[in-house]
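Asks: Quick one: the structure is below, and I'll ask about it shortly.
Please treat every number below as a calculation from the coordinates, not as lab data. Here the structure is a predicted model, which means the values were calculated and not measured. We place every Cβ from the backbone using ideal geometry, glycine too, and count neighbours over all the protein chains shown.
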Amino acid sequence: MDAKRTILITGATSGIGESLLNHYSASGYQVVACGRNREKLAQYAEHNSNIIPLAFDITDNEKIAQAANQLSDVGHIDILMLNAGDCRYIDNAKAFDGELFASVIATNLQSLGYLLEHFLPKVTDGGQVVFVSSSATLLPFPRAEAYGASKAGIDYLAKTLRLDLKSENIDVTLIHPGFIKTPLTDKNDFPMPFLLSSQQAASRIYQGVSARKSYLHFPKRLTLTLKLLALFPDFVWQSIILRSNKV
């Protein structure tokens, strides 16, 4: 492995992002670790010379611009891993929480526009852009109006960008993970079938991105079931989803 290959990972201080950081740094990559937890990022860099800490809020365009300017010595990015996100639910649809909805959309979707504006120009010829979306976009789920809408937007963004970056020789990978054990999912109060660890998710993402796959979904026991259910009439999958979520 060429030690000079560089990957930038957003959301690198917890969950899948932290496991991806560990996986890529152990594989000889130079990792630009992005997050808001400055102390944790500093600890990463202190113990691993392959890690470059970059602290900023992904919803603040000005802070992202300042962070991108700090990468002048890096030169280029081989893999831009857009992983950071939030998961919160609309608990009462009739009393719709517009502020929560806007916040989740800003964190999960709007932020990607800022990140692409400042970091995509640094992606080298032959590089990759990776979007970590969610299998929640395969079928609607109760209370997921904000989270699901934001992830559905990511799907469309990734697929469109894949077309427009062909001429730049940059590949785009879209990822649909199932339920992954992270600090975010630890708060879930409903069944999470086929739950994987963040380390298992990172390993599958690493393998798929290394193979330059355009689309990854896992675990297939879950994602293929959702894809199959989506083919049935609405009343069939709706009754199954509502029953499984005890709504």
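Asks: Compute the FRET efficiency between Asn69 and Phe235 as 1/(1 + (r/R0)^6), taking r as their Cβ-Cβ distance and R0 = 51 Å, and round to the nearest 0.05. Don't skip to the answer; put the middle values down first.
Replies: On the way: r = 54 Å, r/R0 = 1.05.
The computed FRET efficiency comes out at 0.40.
Asks: In terms of Cα to Cα distance under 19 Å, which lysines are near enough to Lys122, apart from those fewer than 8 places away along the same chain?
Replies: Counting by Cα, and skipping residues close in sequence, Lys122 has these lysines nearby: Lys4, Lys63, Lys166.
Asks: Something else: Can you give me the angle between helix 220-229 and the longest principal axis of the chain, using Cα atoms only, in degrees from 0 to 90, rounded to the nearest 10?
Replies: Result, in degrees: 50.
Asks: Normalised by the residues of the chain, what does the relative contact order come to in percent, with Cα pairs under 8 Å and at least six apart?
Replies: Details: 429 pairs, mean separation 45.0, N = 247.
Taking the mean separation of contacting Cα pairs over the length of the chain, I get 18 percent.
Asks: Let me ask something else about it. Which angle between 0 and 90 degrees, to the nearest 10, do you get for helix 198-210 versus the longest principal axis of the chain when only C-alpha atoms count?
Replies: Here the helix axis deviates by roughly 60 degrees.
Asks: Specify the longest stretch of the chain that does not include any exposed loop site, a site being one of the chymotrypsin sites (Phe, Trp or Tyr not before Pro) with a non-H, G, I, E, B DSSP assignment and at most 14 other Cβ atoms within 10 Å. It would help to have the intermediate numbers written out before the result.
Replies: Numbers: sites that count: Phe96, Phe194.
With a cap of 14 other Cβ atoms within 10 Å, the longest stretch comes to 97-193.
Asks: Next question. How many angstrom separate the Cα center of segment 157-191 from the Cα center of segment 40-65?
Replies: Their Cα centres are 21 Å away from one another.
Asks: So, counting K/R as plus one and D/E as minus one, what does the shell of residues with Cβ under 13 Å around Lys227 add up to? Working shown, then result.
Replies: On the way: positive: Lys220, Arg221; negative: none.
Summing Lys/Arg as +1 and Asp/Glu as -1 gives +2.
Asks: Hey, any idea what Rg/Rh is for segment 115-185, computing Rh the Kirkwood way over Cα pairs? It would help to have the intermediate numbers written out before the result.
Replies: On the way: Rg = 13.9 Å, Rh = 13.4 Å.
Radius of gyration relative to Kirkwood radius: 1.04.
Asks: Evaluate the chain: find the radius of gyration of its Cα atoms, find its Kirkwood radius, and give the ratio Rg to Rh.
Replies: On the way: Rg = 18.0 Å, Rh = 18.6 Å.
Expressed as Rg/Rh, it is 0.97.
Asks: What do you get for the angle between helix 38-47 and the principal long axis of the chain? Use alpha-carbon atoms, 0 to 90 degrees, nearest ten.
Replies: 50 degrees
Asks: Cα extents of segment 48-161 along the three principal axes, largest first, in whole Å?
Replies: Between the extreme Cα coordinates on each principal axis of segment 48-161 lie 51, 27, 26 Å.
Asks: Taking the Cβ of Ala146 as the centre, find all other residues whose Cβ is under 12 Å away and add up their charges (Lys, Arg: +1; Asp, Glu: -1).
Replies: -2
Asks: Same structure, new question: For segment 29-82, which trypsin sites (Lys or Arg not before Pro) are in a loop by DSSP, counting at most 16 other Cβ atoms within 10 Å?
Replies: On the way: sites: Arg36, Arg38, Lys40, Lys63; in loops: Arg36.
Answer by residue number: Arg36.
Asks: Sorted from largest down, give the three principal axis spans of the alpha carbons of segment 78-118, whole angstrom values.
Replies: Per principal axis, max minus min of the Cα coordinates gives 45, 15, 8 Å.
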